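Read the structure below first, then the notes.
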Amino acid sequence: MTLAALDRETLGYGRAAVLPGLSFALAPGERVVLLGRSGVGKTTLLNAMHDRLARDHRTALVPQDQALVPQLSVLKNVLMGRLDDHGALYNLSNLLHVRRADRAGVAEVLAPLGLAELADRPVRALSGGQKQRVALGRAWWRGGAVLIGDEPVSAVDETQAEALLGQMRDRFPTALLALHDVALARAFATRLVGLRRGGILFDAPATEVSDGDIAALYAH
């Protein structure tokens, strides 16, 4: 069984093919991590899979640029994770005067992220690591069957990253991430996919990917 799949498809921007003839599938319960140098197509693959998954499954997304609204508070940015659950009038009124139940629910999301005291602070006043945790909080608030994250812990230290990846495991039954830290990827993933020069170099259970496979992936 698969949640979404690509079958010999060419992915890219405009007429530029980044990943030609690519086949890729995501199954329920998998934690898949994409590895590879910058520019090999990890973000392109994540975006394509998000588009496919979102058609049939509730999917939470943590983009690399975080996509936060800097003028709005932490609380209101997190609330945006469920904008498509309601109509425009409900959302507008809730952003102007946040409902008590929503404020309480977001508070429960922010606490394990270390952001409980920052709920009413504008995002523009936060550090890079705090902003990244707000983006994660928005995904936690949205919830769903699948989490897609593009370098979702790149702005925090290793200890925080491990804790945040642990929260991901607890909150989402299936995940597809791009990570630059190989050690974190090995600890989190059930399956590792290595992208190099416009294609997949390896796609295997994490326990079967050797140090030599990783070295070949990043070799010049």
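Numbers for the structure displayed
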item: Candidates Thr43, Thr10, Thr2, Thr59, filtered to the one that is among the hydroxyl-bearing types (Ser, Thr, Tyr), within 27 Å of Ala215 (Cα to Cα) and in contact (Cβ under 8 Å) with a residue 24 or more places away in the chain; result: Thr43
item: Residues of the stretch 171-197 classified as within 25 Å of Ala54 (Cβ to Cβ), in contact with a Gly (Cβ under 8 Å, 6 or more places away or on another chain) and not hydroxyl-bearing (Ser, Thr, Tyr), total; result: 8
item: Strands (runs of 3 or more DSSP E) lying entirely in the stretch 14-65 (those with 3 or more residues that are open to solvent by 10 Å² or more (accessible area, probe 1.4 Å) and not aliphatic (A, V, I, L, M)); result: 16-26
item: Filter result for Leu184 (closer than 24 Å to Ser23 by Cβ and modelled with pLDDT of 95 or more); result: no
item: From the options Glu162, Glu117, Glu208, Glu151, residue that is closer than 29 Å to Gln71 by Cβ and free of Cβ contacts under 8 Å to residues at least 40 places away in the same chain; result: Glu117
item: Unmet requirement for Leu192, which otherwise passes all of (1) more than 14 Å from Leu34 (Cβ to Cβ); (2) touching a strand residue (DSSP E or B) at 6+ places or on another chain (Cβ under 7 Å); (3) touching a residue at least 60 places away in the same chain (Cβ under 8 Å); result: (1)
item: Among the candidates His97, His86, residue that is closer than 20 Å to Thr59 by Cα, open to solvent by 30 Å² or more (accessible area, probe 1.4 Å), at pLDDT below 95 and not aromatic (Phe, Trp, Tyr); result: His86
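Matching residues to (1) touching a Lys or Arg at 6+ places or on another chain (Cβ under 9 Å); (2) over 27 Å from Leu179 (Cα atoms):
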site: Asp56; (1), (2): no, no
site: Tyr90; (1), (2): no, yes
site: Leu136; (1), (2): no, no
site: Trp141; (1), (2): yes, no
site: Val146; (1), (2): yes, no
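The values are calculated or read from the model by the stated rules, or taken from the named source; none is laboratory data. These numbers come from a predicted model, not from an experiment. Neighbour counts are summed over all protein chains in view; Cβ atoms, including those assigned to glycine, are modelled from backbone coordinates with ideal geometry. Please note that ligands, DNA and RNA were not included when accessible areas were found on the heavy atoms of the full protein model with its side chains. Shrake-Rupley method; radii C 1.70, N 1.55, O 1.52, S 1.80 Å.
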